[in-house]
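First the structure, in the form of structure tokens, and then the observations on it.
Where a number appears in this text, it was derived from the coordinates with a stated rule and is not lab data. Predicted model only: the values in this text are computed from it and were never measured. Here Cβ is always computed from backbone atoms with ideal geometry, including for glycine, and neighbour counts include all displayed protein chains.
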Amino acid sequence: QVGDRVSWTIMASCGHCYYCNKNLPQKCESLKKYGHAAHNDPELKSGLVGGYGEYVYILPGTTLFKIPDVLSDEVAAPANCALSTVVNAVDTIGVERGDNVLIQGAGLLGLNAVALAREAGAKQVISTDVVDSRLQMAKRFGATETVNMKTVPFEQMKEEILEATERRGIDVVIEVSGVKDVTRQAVELLRIGGRYLISGLVTPGSMLDIDGHQVTRKYLTIKGIHNYRPDHLGQAIKFLEKYHSKYPFDELVGITFPLTEINEAMQESATGRFIRVGVKPN
Ligand SMILES: [Zn+2]
């Protein structure tokens, strides 16, 4: 109703095509994505399909969720699409109670992934990145161990992981770094029967340098995901409602600008001082 705060799926799907019927509405054959189309795209019937406006045209086939009162705008905004995407990642690869999980990358997706893995019952959650400040944040999001891949040699890290896992290796690795070279390390660190989820390699030409021999001999499972289903956004909002005060979700959007200062917001975002910069359309 009027006055409700809502979040909605990044995409609108038709609900009856081949991929919608395969439970992949994010890959709908007539998919429309907010913020991904030209404002004069005739199929959209409106130019108001981006985020930087006071109004937005909600396309048919979009799923909306009401934001609970306990969540501030700044905490709720990154649920779509960062948290929803990693909800999909964890849901797709599966994290079981007692698993040792490695999260490759400690940007916004990585931080969310650490908290999700932790609350899924993971025993150890190891976060890797090349920036110390991100790794410090990962600790606050529940990482039991952090490794700066720039300063710690891989062989040393591998030995420490083997020592910590009765020399078996990692149960689950989730890649959210966007760096293709980390896939080789994941394949090497996974235990027999280990599971690997790749979600950050969105650039064409991300050829992988992995040892297929290890994939075969170790019975590895490797999966990919891209974006998320409507129910993942619903789960993301529920997760925030439950854990918003346990982890520092209120520090992810570090500063918020009014829409009239959109250029300043862009400049601030480019400095990288804050994990995310907010824009409020009022
Ligand atoms: Zn469809």
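For the reader, a short list of remarks on this structure follows.
- Mean separation of Cα contacts under 8 Å, 6 or more apart, over the residue count of the chain: relative contact order %: 18
- Sequence-distant lysines (8 or more away, or on other chains) whose Cα lies within less than 17 Å of residue 139: 123, 246
- Under a model in which nothing but the beta-carbon of Lys, Arg (+1) and Asp, Glu (-1) is charged, the range 82-224 shows a dipole of about 200 debye around its Cα centre.
- Karplus-derived HN-Hα couplings along the range 191-200 (A = 6.51, B = -1.76, C = 1.60, θ = phi - 60°), whole Hz, x at Gly and Pro: 7, 4, x, x, 10, 10, 10, 10, 10, x
- Value of relative contact order over the range 82-224, rounded to a whole percent, pairs C-alpha under 8 Å and six or more apart: 22
- Between amide H atoms placed 1.01 Å from N, distances below 5 Å from residue 280 occur with 257, 259, all of them 5 or more places distant or on a separate chain.
- 3J(HN,Hα) along the range 123-132: 7, 10, 10, 9, 10, 10, 6, 10, 10, 4 Hz, from the Karplus curve 6.51 cos²θ - 1.76 cosθ + 1.60 with θ = phi - 60°, whole Hz, x for Gly and Pro.
- Residues of type aspartates and glutamates that residue 22 reaches as a straight line, Cα spacing below 19 Å, ignoring anything fewer than 8 places off in the same chain: 91, 231
- Of the trypsin sites (Lys or Arg not before Pro) found in the range 40-128, the ones in coil according to DSSP and having at most 16 other Cβ atoms within 10 Å of their Cβ are 45, 97, 123.
- Out-of-range pairs (alpha-carbon distance over 18 Å; input 158/223; 27/223; 150/218; 180/223; 66/242): 158/223; 150/218
- Fraction of beta bridges assigned by DSSP in the range 4-137 that are antiparallel (%, nearest 5): 50
- Inter-centroid distance (Cα atoms) of the range 223-282 relative to the range 86-125, Å: 19
- Loop-exposed GluC sites (Glu not before Pro) per DSSP, neighbour cap 14 Cβ within 10 angstrom, longest uninterrupted part of the chain: 167-282
- In plain terms, the chain from residue 46 to residue 19 could stretch by 7.2 nm, reckoned as 0.36 nm per residue minus the Cα-Cα distance.
- Loop trypsin sites (Lys or Arg not before Pro), the range 190-282, which have at most 11 other Cβ atoms in a 10 Å radius of their Cβ (DSSP): 273
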